[in-house]
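A quick write-up on the structure given underneath.
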2 protein chains.
Amino acid sequence: MTRPKQRPLTLRDVSEACGVSEMTVSRVLRNRGDVSIKTRNKVLEAAKTLGYVPNQIAGSLASQRVNLIAVIIPSLSNMVFPEVLTGINKTFEGTPLQPVVGVTDYLPEKEEQVLYEMLSWRPSGVIIAGLEHSDAARAMLQGAGIPVVEIMDADGNPVDAMAGISHRRAGRMMASAILKEGYSRIGFMGTKMPLDHRARKRFEGFTEGLTKAGIEIEARDFYSGGSALAKGREMTHEMLQRSPDLDFLYYSNDMIAAGGLLYLLDKGVDIPGQIGLAGFNGVELLQGLPRQLATMDACRTEIGAAAAQIILDRNALPEDADPGPPVRMTLTPKITFGDTLRRSRRG
Amino acid sequence: MTRPKQRPLTLRDVSEACGVSEMTVSRVLRNRGDVSIKTRNKVLEAAKTLGYVPNQIAGSLASQRVNLIAVIIPSLSNMVFPEVLTGINKTFEGTPLQPVVGVTDYLPEKEEQVLYEMLSWRPSGVIIAGLEHSDAARAMLQGAGIPVVEIMDADGNPVDAMAGISHRRAGRMMASAILKEGYSRIGFMGTKMPLDHRARKRFEGFTEGLTKAGIEIEARDFYSGGSALAKGREMTHEMLQRSPDLDFLYYSNDMIAAGGLLYLLDKGVDIPGQIGLAGFNGVELLQGLPRQLATMDACRTEIGAAAAQIILDRNALPEDADPGPPVRMTLTPKITFGDTLRRSRRG
DNA sequence: TTGAAAGCGCTAACAA
DNA sequence: TTGTTAGCGCTTTCAA
């Protein structure tokens, strides 16, 4: 209660309080080595009444082991990333490993800086979003000598392990699903994020899929900032002003797609007859819209869980064991047709 | 490239590579003390070509300073918390301080555990959501000897500093705004979260406000799990089945309120004439709904920023300075009337 | 089952 | 401006 604030307690304080050597106190608190029940209880009680909290900084330095896993993601405002974190957290629950999150705002320089700061804590692994990194960042990842899992993307060359989906393929799949249903005058709306490589790849895969069938996108529009729902309304309005003949609108995420959906329903447009719609992500948040949006599941929690598991497995290996070739896990997203994409036959 | 993976580089490696003492290398890398330009450049180059990343664990142990701030929140799935984090991040940007996030899932035991783990890294401050903590948790916060800011709530007794809003008052304010507009048959829908003290206080303040005007809530319903939007639809449907005469529905968050709104618009209900609606939070995400929802701003990013600033100020104080009485900041949420709560006159 | 000594990689304090 | 010395609070290793 009135313990001097300045100096936190040390092992020595506990040792003195219970008359047991620091070493034995340490053993008790870590459940390591054989300690007699009697000593054990003495130590535990002293630690508890003093309110001792071990110093991991000293512990990690001495043991050369750090139970931290660096998790590096572009953003927290896009629900996709918190969901990945949830998957990671769940898998690490009950293990000694602890995720520590860094946010890059989609900026390569910031990614580099965050990575540097995290590596300076000598974590036992890195989980990092995306496969595109600056040379310096790749060098750091290579040189750290710890397991690295690049997540959420599968189009490119990972430094080490990988767990993600192919966004290019996701775009192509959506293109072919749309074409199969007979839509042909297609517009695209997405974020203006030159640094969101996954959104870009999805778009590329989508146009590629259309092109292969001899179809070109008729309209496209990109936005940045603002509420996605409101943007979806506005942009859909504007796009249909300019190109009233469109019969399908593909959005780069479910939130703007929802905005578009609400707008079109307001206008009394027949969906999916007159115009079909699709988004991307399968955001649970949005179930409960007047129509269920066609979308694709990006396997977010699975990816988080898989990445965490890869790290766990690698850390379970004995120090000098050969880890074998790095795990490369490509998950396959599935299309949800919902009520906004015609479905002539069961797919 | 082919450096043996096992041993990370140390200051000594850099020192040997450039023929400068470890101490001077350390000085250069921390920009501390006077070092000649020539030596400086030599060191910097050596560090860069080797790819040296300093070891903060050793550094923090030696200097007895840790640039980490523990941030403890109940959840990441509720957008409220990522928004608070954004405010915290922004304020710490450009300072040496780094937030580290822990998630409690609204469970007191988990809060205790997360707090213990974070304190074992000897952070320079704690930002923690809520004012309700177990005795053990309060004891740890007290004993840590570092600045503690409890955030998001102002109804209760903080251990140290505080930055939040009074949820009880927020509930009362909404009650009086609703009554002023002549609504009188009122239903409430919210999450079934006995451990979400802020939601509970809002509800208590709300009923208290009604009671003072001689009005009782006519219907109430609580849910747990599932998509909030979908729940809002369902629950609104069911509540109006049971109590068709309600003229106002107050929801504990904007997401279920949005579900209710969409449902009522589907049914062709006149809003806000026949039934008024209000939620809580001012989630920017939802701008773009067919009607703008009445809600209250919970000042999330401001709270995050304020908390971070309190920590910064406290850390800027000289070691032995008297910090004075702890900062207690109570922000005042404002009602947004939107289109779902009648407004007879400008407020 | 317990303890003593050495040292993890760095920085504070002081000396040159 | 640079270098030397002595720890920071733990854990590893080895001895008792």
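The values are calculated or read from the model by the stated rules, or taken from the named source; none is laboratory data. Just so you know, these numbers come straight off a predicted model, no measurement behind them. Cβ placement follows ideal geometry from the backbone for every residue including glycine, while neighbour counts extend to all protein chains displayed. Surface accessibility is based on the protein's heavy atoms, side chains included, excluding ligands, DNA and RNA. Shrake-Rupley method; radii C 1.70, N 1.55, O 1.52, S 1.80 Å.
For the reader, a short list of remarks on this structure follows.
- Count of the range A:187-229 residues which are free of Cβ contacts under 8 Å to residues at least 60 places away in the same chain and either at positive phi or under 25 Å from the mean Cα position of the chain (by Cα) (or both): 18
- Residues of the range B:18-67 that are in a loop (DSSP other than H, G, I, E, B), within 8 Å of DNA strand C (Cβ to nearest atom), of a type in the set (D, E, K, R) and free of Cβ contacts under 8 Å to residues at least 12 places away in the same chain: B:ARG32 alone.
- Flag for B:LEU261 being open to solvent by 30 Å² or more (accessible area, probe 1.4 Å) and either part of a helix (DSSP H, G or I) or outside the structural domain of B:GLY225 (by TED's automatic domain parsing) (or both): no
- Selection status of B:ALA70, open to solvent by less than 40 Å² (accessible area, probe 1.4 Å), more than 10 Å from DNA strand C (Cβ to nearest atom) and within 14 Å of another protein chain (Cβ to nearest Cβ): yes
Each row is one residue, and each column tells you yes or no for (1) more than 14 Å from chain A (Cβ to nearest Cβ); (2) in contact (Cβ under 8 Å) with a residue 24 or more places away in the chain; (3) more than 25 Å from B:LEU85 (Cβ to Cβ).
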residue	(1), (2), (3)
B:ARG300	no, yes, no
B:ILE303	yes, yes, no
B:GLN309	yes, yes, no
B:LEU312	yes, yes, no
B:ASN315	yes, yes, no
B:PRO318	no, no, yes
B:ALA321	no, no, yes
B:GLY324	yes, no, yes
B:THR330	yes, yes, no
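- Qualifying position, being more than 18 Å from A:GLY288 (Cα to Cα) and in a loop (DSSP other than H, G, I, E, B), among B:ASP313, B:ASP245: B:ASP245
- Residue in the range A:279-291 that is open to solvent by 10 Å² or more (accessible area, probe 1.4 Å), farther than 28 Å from B:HIS237 by Cβ and not acidic (Asp, Glu) present: no
- Failed criterion for A:LYS110 (all others in (1) basic (Lys, Arg); (2) outside any helix (DSSP H, G or I); (3) within 13 Å of chain B (Cβ to nearest Cβ) hold): (2)
- Single unsatisfied condition, B:THR49 versus (1) hydroxyl-bearing (Ser, Thr, Tyr); (2) open to solvent by less than 40 Å² (accessible area, probe 1.4 Å); (3) over 28 Å from B:VAL100 (Cβ atoms); (4) more than 7 Å from DNA strand D (Cβ to nearest atom): (2)
- Filtering the range A:267-288 to residues that are part of a loop (DSSP other than H, G, I, E, B), touching a residue at least 24 places away in the same chain (Cβ under 8 Å) and either within 14 Å of chain B (Cβ to nearest Cβ) or in contact with a Leu (Cβ under 8 Å, 6 or more places away or on another chain) (or both) leaves A:ILE271, A:PRO272, A:ILE275, A:GLY279, A:GLY282, A:VAL283.
- The criterion of being closer than 24 Å to A:VAL327 by Cα and either under 26 Å from the mean Cα position of the chain (by Cα) or not aliphatic (A, V, I, L, M) (or both) holds for A:ASP160.
- Candidate set: the range A:241-260, residues that are more than 16 Å from A:PHE222 (Cβ to Cβ) and touching a residue at least 40 places away in the same chain (Cβ under 8 Å); chosen: the one nearest to the other protein chains (Cβ to nearest Cβ): A:ASP254
- Residue satisfying all of: in the range B:14-46; open to solvent by 90 Å² or more (accessible area, probe 1.4 Å) and near DNA strand D (Cβ under 7 Å from one of its atoms); nearest to the other protein chains (Cβ to nearest Cβ) among these: B:MET23
- Pairs meeting the criteria (first residue in the range B:141-158 and away from chain A (no Cβ under 14 Å), second residue part of a loop (DSSP other than H, G, I, E, B) and among the charged types (D, E, K, R), beta carbons under 8 Å, at least 6 apart or on different chains) are B:VAL149/B:ASP160; B:GLU150/B:ASP160; B:GLY156/B:GLU132.
- Qualifying residue in the range A:293-315 (condition: among the hydroxyl-bearing types (Ser, Thr, Tyr), under 28 Å from B:GLY259 (Cβ atoms) and open to solvent by less than 40 Å² (accessible area, probe 1.4 Å)): yes
- Residue within the range A:78-89 that is open to solvent by less than 10 Å² (accessible area, probe 1.4 Å), more than 16 Å from DNA strand D (Cβ to nearest atom) and out of contact with any helix residue (DSSP H, G or I) (no Cβ under 7 Å at 6 or more places or on another chain) present: yes
Quick grid of which residues meet (1) among the basic types (Lys, Arg); (2) assigned to a helix (DSSP H, G or I); (3) at pLDDT 95 or above:
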| position | (1), (2), (3) |
| --- | --- |
| B:PRO290 | no, no, no |
| B:GLU302 | no, yes, yes |
| B:ALA305 | no, yes, yes |
| B:MET329 | no, no, yes |
